[in-house]
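Written out below as structure tokens is the structure these notes cover.
We did not get these values from a lab; they are worked out from the coordinates using the rules stated. Quick caveat, the model's predicted, so the values are computed rather than measured. Please note: Cβ atoms are built from the backbone with ideal geometry, for glycine as well, and neighbour counts cover all protein chains shown.
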């Protein structure tokens, strides 16, 4: 009887582990697709979106699709997203991140807000490589400028490590995130890359991208190429 119980427990655990892996992989693939859609929107709405100078100068792009549904002042919310950074060989494979907590300045009554974060310098890049950091605490972050061109006199070009944007109903706007914690999404990383791959390895370009990430990386390259061409 005892052996039967142990067998059933083992079988249940194995089945649930396989189910979790499948669900985790499907969730990660869906997140990659939704993030690709957000990047396509950047290209399609240059006059209302992220300025060309900002986008073409970014070292990393982080997209958190459907961050929150509704709300006025949101504290303790949680979102999961994708990050990719520029390497010597091109853009890195996507790393999976999670963000939550802090004080979030979001639009009143808006559903399906997307978050875009642009890492603008090496200090911001090093924070992203760490397992966890805090916006406007460990890393300086501010709401990014919006429009086809950014003013040369704005602070983003000088000191800000990370610029933050929200997107709702096709319109991008600067977003203030104070105290929000960004950390690696270990469950999604394990589901896509296995148990031994770290976020740092992925963002440093040491890990080849999976087939499921090709559309997302194409969207990253397309958005940056469009911005660079427009800037030149």
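Each of 117, 189, 34 has some number of other Cβ atoms within 10 Å of its Cβ, and from fewest to most they run 34, 189, 117.
Cβ crowding within 10 Å ranks 86, 31, 221 as 221, 86, 31, fewest other Cβ atoms first.
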